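Only one structure is covered here, and it is reproduced in the block below.
The values are calculated or read from the model by the stated rules, or taken from the named source; none is laboratory data. All figures in this text were calculated on a predicted structure; none of them were measured in a lab. Here the Cβ is made from the backbone with ideal geometry for all residues, glycine too, and neighbour counts use every protein chain on show.
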């Protein structure tokens, strides 16, 4: 089963056309990724950033905005790991309302230690592998 | 009892010092107000804005940032109505973590119909009066 | 020559690592596109959105974040039209500091009239064609 | 003469009513303050934050949103120092379009060294005093 989050579309997210302004989608996507790391991978962004100079910066994104999302809607986000690299991970993230797809994207991020890409710590990798197996 | 919302401080809210960038507090405050109108006053922002040219723009804010909030914290927001005017309302909104106060503010907004301030619709007023009585 | 804009990286754009939070890059990209439409295509976003229900929503983005941008830097954005479709346009947008590339992306947007994709108005198309010819 | 900045109201700043969403005003205000420190006080936010754990967090704001600002407008911001304290400063910031006032606010910030309020460094104080004298 993919990781799941519900996001309510609020005033803050919407543009003069009353629909989500796409940079706000990426704020929601980052929140989904952030919660995934805390809930599933066992490492919160606070632990990463306030601690030892770690982080998971996004290096690549490919997104399609299939249909607009509107103020007041509750949009369902799912996250799956598509590919787990030595120092990187590629996610597939989708947003839907009921059966209707709103956005789908591929996002690649890398694990950083002391300012440069580094191999995933064993415990983080193990949890991501388990997540992938359970999702399969 | 005041209206309550829990906000998790996420990456998106934080500045290079690792604490909430104050304009993001106002995004959270607006979300609290927005949810209050949907949950308590019976009128969502979507109904207001996508419908008949209504809205509740903020006209005045007075805020004190008492102590910083940090990435990963779950901050508790409360909202009370301080004063209900003919076409306006003044709210007291506070953010706390446990016993520690983080932010307190007074916010005045007005009810708009067709682009100008107008008396609160009777049903909205009645619900706000009930909320104030129950909070007292 | 491509269309050009200089963006100063301000506090507002930066995350707890002191670098641009990637959703803020997309805010800058949207600003570049918005100014391009006003300056080159002769149609501001205000004219589009406050007028006749027009707009140019983004439907696809592919971005690579090549190197981080830091607080205080002045980053140079360029925009080129890669492909002009009947009701769409694909842009190449790059951000650089001196010779160092920071971000490159491809972005596709569509012209909307009355809520649906429609052929570019002749005058807008003519200006974009001229821009492409001059850039070649 | 007060310190001055021109801000163009862009799509990114506007809400479903087509006017500036008030938290975005505070982003603009923070940008005005940030540029004031770099241009007038001789200390950029980059120097403060990436260097020795300095900063100028906002501790108090009082704002009135007098009239809405709309997509496409170029709004003129002015900043004056109202009061220079030992470790703090109070600013008056106003936004106008021509003669029409849009927003006025009072903002208090404090100088931080190593996580706590500290006296202004002499050079910063001297520059602010000069600015106040020239503005008088």
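Before moving on, here are some points about what is shown:
- The combined condition, being within 14 Å of chain C (Cβ to nearest Cβ), more than 16 Å from the chain's Cα centre (by Cα) and either outside any strand (DSSP E or B) or in contact (Cβ under 8 Å) with a residue 40 or more places away in the chain (or both), is not fulfilled by residue D:38.
- One residue from B:90, B:62, B:80, B:27 being in a helix (DSSP H, G or I) and modelled with pLDDT of 95 or more: B:27
- Flag if residue D:29 is touching a residue at least 60 places away in the same chain (Cβ under 8 Å), under 21 Å from residue B:24 (Cα atoms) and crowded, with 21+ Cβ neighbours inside 10 Å: yes
- Here region A:44-59 is the region considered, the condition is being assigned to a loop (DSSP other than H, G, I, E, B) and within 14 Å of the chain's Cα centre (by Cα), and the residue that is nearest to residue C:109 (Cα to Cα) is A:57.
- Counted residues, region D:65-76 - those being surrounded by 15 or more Cβ atoms within 10 Å (Cβ to Cβ), in a strand (DSSP E or B) and within 14 Å of chain C (Cβ to nearest Cβ): 2
- The residues on offer are B:93, B:61, B:81, and the sole one that is under 24 Å from residue B:6 (Cα atoms), within 14 Å of another protein chain (Cβ to nearest Cβ), free of Cβ contacts under 8 Å to residues at least 60 places away in the same chain and surrounded by 15 or more Cβ atoms within 10 Å (Cβ to Cβ) is B:61.
- If you go through region D:124-136 and keep only what is surrounded by 11 or more Cβ atoms within 10 Å (Cβ to Cβ) and touching a residue at least 12 places away in the same chain (Cβ under 8 Å), you end up with D:124, D:125, D:127, D:128, D:129, D:131, D:132, D:135.
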